Structure formats: structure tokens, C-alpha cells
Amino acid sequence: ISASSRTVDLNSLDYQVSKFRFYETGGKEDITINSVRFYNNGNTTDADLANLKLKNDMDGTVLSTVAKTDGKYVTFALSPALTILKGQNKTVAITADVVDGSTRTGQFIVQNDYDVSASGVSTGAGLLAAHATNLAGDTGAGFPVGDAANYNTISIASGSLTVTKD
């Protein structure tokens, strides 16, 4: 979404935090993504972001909803699974309601290859995700994905209060 941190106000609803693109490359069949686990690499607590949604970025369809992170992890179980045709790709977005965490940051990353549960449509064979390309937002090829400083990061704004004597 952005290579620099974005500031978001408390009580922002359905705010788009991160985007990820999944590719099927060189396979013999279409694939399905059954679940994806993301790690919150920022310093927000589990109570700061709520109503997390994984959406199809093309049409905004909600693929999965989770109430909040658990130990900074969120696992989206997709039902039905997200199907990616041979040689194609799909982009998903993570949105959240920002309910607390003034001055804290949030950044979702795919930490390990086994955090993506994928399988072949025809064979049902499990697939291990790979990340061989060093794209913007990555510190290098391989995992984690999306962990560059400030990339896809939100900073929750702090409020202010002015008191005057009348």
C-alpha cells in the first residue's frame, strides 16, 4: 500500500493495513489457499486492532474475519478457499478497526513459508509457499515477506487535549 508509515486515527473502521499478492507459477494445476497466518510485526497489542478481515482486493469480497490477533498472530481460515488459476495471481488486503493503541504501530507480515496453507485443486497435494523475488517491502528473497521498515505500516495517532481557564 505504501513504502512509508501512514498515520491513522483511533476509531477508524475497516482501515486497509496491508496487501499481499499470491502467484501460481510453473505449476501443472490450479491451486487453492486454505488459510494464511500473518504476524503483527508492529508494537500494537492484541486489543488495539479488532475485526480483522482478509479481503479479495479485486472486488472487496470478505474471505475471512477474525476478532483480533492472538499473541500478535492472526490466522485467516478461508471457506471457501481462494482459488488461483495456473499462471495467475490474486491480491488480498488486510483491514482492521483501530480501537486503541495511541502512538503504536501495526505491520502484518508472512513470517514463514508454512504460514500459507495451499494445495493443488486436482490432486489435493499440499504446497509449500516460496518467495524468491525481492520486491519492494521485503528485506530480501525468502521469508519473512513484507517486513521492510515502515512498509505497509500504520501508526496510530495520538490525540491532544487543551484545557483553558474560563
Going through region 148-166 one residue at a time, which ones are of a type outside the set (Ser, Thr, Tyr) and outside any loop (DSSP other than H, G, I, E, B)?
ILE154, ILE156
Go through the residues of region 41-59 one by one and say whether even a single one is of a type in the set (Ser, Thr, Tyr) and out of contact with any Gly (no Cβ under 8 Å at 6 or more places or on another chain).
no
Could you please find all residues in region 82-107 being touching a Leu at 6+ places or on another chain (Cβ under 9 Å) and in a strand (DSSP E or B)?
LEU82, LYS90, VAL92, ALA93, ILE94, THR95, ALA96, ASP97, VAL98, GLY106
Given the conditions (1) within 23 Å of ASP147 (Cα to Cα); (2) part of a strand (DSSP E or B), and given that THR32 satisfies all but one, which numbered condition is not satisfied?
(1)
Could you check region 83-92 and list, in sequence order, the residues that are closer than 11 Å to VAL121 by Cβ and open to solvent by 60 Å² or more (accessible area, probe 1.4 Å)?
LEU85, LYS86
Any idea which residue in region 7-22 is farthest from VAL66 (Cα to Cα), counting only those that are open to solvent by less than 60 Å² (accessible area, probe 1.4 Å) and over 15 Å from the mean Cα position of the chain (by Cα)?
VAL8
Evaluate region 28-37: report whether one residue or more is of a type outside the set (S, T, N, Q), crowded, with 17+ Cβ neighbours inside 10 Å and over 18 Å from the mean Cα position of the chain (by Cα).
yes
Checking PHE76 against (1) over 29 Å from THR123 (Cβ atoms); (2) open to solvent by less than 20 Å² (accessible area, probe 1.4 Å); (3) part of a strand (DSSP E or B), which test does it fail?
(1)
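Every residue, every condition in (1) touching a His at 6+ places or on another chain (Cβ under 6 Å); (2) open to solvent by less than 70 Å² (accessible area, probe 1.4 Å); (3) at pLDDT 95 or above; (4) polar (S, T, N, Q), yes or no:
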residue: GLU24; (1), (2), (3), (4): no, yes, no, no
residue: GLY42; (1), (2), (3), (4): no, yes, no, no
residue: LEU49; (1), (2), (3), (4): no, yes, yes, no
residue: THR61; (1), (2), (3), (4): no, yes, no, yes
residue: VAL66; (1), (2), (3), (4): no, yes, yes, no
residue: THR69; (1), (2), (3), (4): no, yes, yes, yes
residue: ALA81; (1), (2), (3), (4): no, yes, no, no
Residues of region 47-92 satisfying the condition of being within 23 Å of LYS28 (Cβ to Cβ) and among the small types (Gly, Ala, Ser)
ALA81, GLY87
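The values are calculated or read from the model by the stated rules, or taken from the named source; none is laboratory data. Predicted model only: the values in this text are computed from it and were never measured. We place every Cβ from the backbone using ideal geometry, glycine too, and count neighbours over all the protein chains shown. What goes into the accessible areas is simple: the full protein's heavy atoms, side chains included, and nothing from ligands, DNA or RNA. Shrake-Rupley method; radii C 1.70, N 1.55, O 1.52, S 1.80 Å.
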